[in-house]
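A short write-up of the structure that comes next.
The values are calculated or read from the model by the stated rules, or taken from the named source; none is laboratory data. The structure displayed is predicted, hence computed values, not measured ones. Backbone-built Cβ (ideal geometry, glycine too); neighbour counts: all protein chains shown. What goes into the accessible areas is simple: the full protein's heavy atoms, side chains included, and nothing from ligands, DNA or RNA. Shrake-Rupley method; radii C 1.70, N 1.55, O 1.52, S 1.80 Å.
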Amino acid sequence: MPDCSAMWIKIGGVLKEEHVEEFAELISELGLEYDDVLGEDAEQHIREDHEAGKPLCLYDNERPWGSHDHLEGFCQTVGLSYARGDDGHYSYAASCVLWTPEIAKEREWTSATDSGEPFLSVTDIDQLVAKGELEAELALMRQVRDFAVPFSAPGWPEDAEDADAAA
């Protein structure tokens, strides 16, 4: 049995209609939570409960190695940004990750378990200062901490609200 930890993932961007069903199935298969465990009705829960203008936030209390490679791979394939964090385990440190279509590869940092914020060692800071890259690194770290890319998809939820208002 692999080492498990609690994890969260915040997903943002526009999910195209042709990917909605696959996305909902993936969330269901992984047993992710959104206020409650999302089973076969993941699509309905997200369509009804997701707050417009906010990232989609999902959780898992017992995730092997604290990550969801399949979900993260799906997000990268369809161009959805994400920030993910985990609580770590006695065999590995807590971490947080950022990926957006604008950055070439996923970025990962060690994180504080109580806040999930990324942090750098003094050695890392010294190296970034020497290369003149500290401000750019801090900007990426702030994106994890303050992840605010809104999630939307056809019918999720603003289209449903418009349909209710027209009825």
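Applying the selection to the stretch 79-137, what residues are assigned to a loop (DSSP other than H, G, I, E, B) and hydroxyl-bearing (Ser, Thr, Tyr)?
Tyr90, Ser91, Thr100, Thr113, Ser115, Ser121
Any chance you could count how many residues in the stretch 68-88 are in contact (Cβ under 8 Å) with a residue 40 or more places away in the chain and either surrounded by fewer than 16 Cβ atoms within 10 Å (Cβ to Cβ) or among the aliphatic types (A, V, I, L, M) (or both)?
Counting residues in the stretch 68-88 that are in contact (Cβ under 8 Å) with a residue 40 or more places away in the chain and either surrounded by fewer than 16 Cβ atoms within 10 Å (Cβ to Cβ) or among the aliphatic types (A, V, I, L, M) (or both) gives 6.
Output the residue which, of all residues in the stretch 100-130 that are open to solvent by less than 90 Å² (accessible area, probe 1.4 Å) and among the acidic types (Asp, Glu), is modelled with the lowest pLDDT.
Checked the stretch 100-130; the qualifying residue modelled with the lowest pLDDT is Glu117.
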